[in-house]
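Working notes, beginning with the structure itself.
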Amino acid sequence: DRPEFLVTTKTSSVPMQYVEFRVFDKNGNLVSRKGNEYVLDHMKMGWRSNTVPNGDYTILFHGEINYNGKLYSVDSPSVKITVKN
């Protein structure tokens, strides 16, 4: 009920400034998110799966960099999961 993820954010010479864990339901609605503005090159993030009802979900990480007044973002590959608390 509390999976942990090892996250690597080092992708360019400009460090990632914001990372968010996102959970989408089977209809594509964002149902849970956990953001972190203190981003390290390597870090561990946890998620309390009991914040959503049992069911099928898609999870991914979203990262953002603000550089020269422009916002750049990237999403990790998504993973389909089933929550059974």
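Table for the structure above
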quantity: Lysine pairs in the chain with Cα atoms under 18 Å, if 8 or more residues apart or on separate chains; calculated: 5
quantity: Solvent exposure ordering (accessible area, 1.4 Å, most first) of His42, His62; calculated: His42, His62
quantity: Nearest-0.05 FRET efficiency for Ser76 and Asp56, computed from C-beta distance (R0 22 Å); calculated: 0.75
quantity: Cβ-placed point charges (K, R +1; D, E -1), dipole of the chain about Cα centre in debye, nearest 20; calculated: 140
quantity: Over the chain: Kirkwood hydrodynamic radius from C-alpha pairwise inverse distances, Å; calculated: 13.7
quantity: Å² of accessible area per residue within the chain, as computed with a 1.4 Å probe and no ligands counted; calculated: 69
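The values are calculated or read from the model by the stated rules, or taken from the named source; none is laboratory data. What you see is a predicted model, and the numbers here were worked out from it, not measured in a lab. When we count neighbours, we look across all protein chains shown, and the Cβ atoms used for this are built from the backbone with ideal geometry, even at glycine. The accessibility values were calculated without ligands, DNA or RNA, using every heavy atom of the protein model including side chains. Shrake-Rupley method; radii C 1.70, N 1.55, O 1.52, S 1.80 Å.
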